[in-house]
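These notes are about the structure you will find just below.
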Amino acid sequence: MKDEVKNKETKNSEEEQSKKETQDLEGDLEEAAEEEVVEKEKEDTDGSASEEQEKQEENQKQEKDPEELNERFLRLQAEFSNYKRRVEKEKKDLYVYGCENLAKDLLPVIDNLERALESVDEAEEGLSKGVKMVYDQTLETLKKHGIQQIEADGSPFDMNKHHAVMTEPCEDDALKETVAQVLQQGYTIEERVLRPAMVKVYK
């Protein structure tokens, strides 16, 4: 009889223990569930705040983008205009100065024609006329391509256009620093000096 009572008490004790463990487990689960809900709510709140911040940043970026695009457009437009002007200038220079080397090679020939004209005497008038004709035609042809003689005789000395190789004393102050004599003709091609005139200068 005592054993039966003892067994019954043991069984009741085990049931109570099991019930208590079940209750503890349920409590732990509820607590964990509550913590998870709180954590999720916190994440949702943080996520919403982060999302809102991203939207604000995106809106600000979109507001700035038109200004940046406009600045870039203006920059590119200016660069293209500069490029276009540079290309046009290069094309013009190529057209204008393309014959520069040929002209330089022709200048000694013209110099020889001038010397021939100076050395021909009156007895050789026919030859003189022929040489003069070739000389004039050559100058006219060069002129069509923008190549002209530098007007130097009697003009003020200009170191950009004249190369002084001799000087001549002069008492007249009005003549000082002017070209006394052209020893070799100078030439320009458009605005560029092809060859400076070799001159004697009054001092």
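Every read-out reported here was derived from the displayed coordinates using simple, explicitly stated rules and does not represent laboratory data. Quick caveat: nothing in here was measured; it's all calculated off a predicted structure. Here Cβ is always computed from backbone atoms with ideal geometry, including for glycine, and neighbour counts include all displayed protein chains.
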At the level of C-alpha centres, the distance separating segment 81-134 and segment 163-188, in angstrom, is 23 Å
Give, in nm to one decimal, the length gained when the segment between K129 and M159 is fully stretched (0.36 nm per residue of separation minus the Cα-Cα distance).
7.3 nm
Can you compute the modelled spin-label distance between K203 and D136, with each label point 7 Å from Cα toward Cβ, in nm?
3.9 nm
Order of 97-110, 181-194, 66-79 by packing, highest average Cβ count within 10 Å first?
181-194, 97-110, 66-79
Which of the pairs K89/K176; K91/K143; K132/K161; K89/K161 have their Cα atoms more than 28 Å apart in this structure?
K89/K176
Given Cβ charges of +1 for Lys and Arg and -1 for Asp and Glu, the option among V199, A103, V120 whose Cα lies farthest towards the positive end of the dipole of segment 100-202 is A103
